[in-house]
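The values are calculated or read from the model by the stated rules, or taken from the named source; none is laboratory data. A quick note: this is a predicted structure, and the numbers were derived from the prediction, not measured. Reconstructed Cβ throughout: ideal geometry from the backbone, glycine too, with neighbour counts over all protein chains shown. Remember, those area values only see protein heavy atoms, side chains included, never the ligands or the DNA or RNA. Shrake-Rupley method; radii C 1.70, N 1.55, O 1.52, S 1.80 Å.
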Amino acid sequence: MKRLHYIDWLRVLAFLTLILFHCAVPFVEHYTWEINNEDTSPWITRIIWWTHQWRLPLLFFIAGVGVCFSLRRRSVLTFFEERTLRLFGCFIS
């Protein structure tokens, strides 16, 4: 199967947006977070509220695409076993 490079770039852009989002949140007006700054920015606030609408759905979409590609090569049971081992393998050993 041919690799879809636009999916890789979409993932890179999604995680770059995620990092920038969390770096900018302290400067958002009327928002309480772990760290807040007294100086806020109206334009950063607009950008954050705009990206907030689609950043998590985009990450879930990318995860779903990865699951879809993974299920093309293995059964659902094998996929579930691999994910379980990967998530809880440190507790089993």
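Values for this structure:
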{"item": "Positions within the stretch 20-63 being in a loop (DSSP other than H, G, I, E, B), surrounded by fewer than 13 Cβ atoms within 10 Å (Cβ to Cβ) and hydrophobic (A, V, I, L, M, F, W, C), in sequence order", "result": "W33, I35, W54"}
{"item": "Members of the stretch 73-82 that are within 22 Å of R3 (Cβ to Cβ) and open to solvent by less than 70 Å² (accessible area, probe 1.4 Å)", "result": "T78, F79, E82"}
{"item": "The stretch 8-19, residues that are open to solvent by less than 40 Å² (accessible area, probe 1.4 Å) and out of contact with any helix residue (DSSP H, G or I) (no Cβ under 7 Å at 6 or more places or on another chain)", "result": "D8"}
{"item": "Test for S70: is it in contact with a Phe, Trp or Tyr (Cβ under 9 Å, 6 or more places away or on another chain), open to solvent by less than 80 Å² (accessible area, probe 1.4 Å) and at pLDDT 90 or above", "result": "yes"}
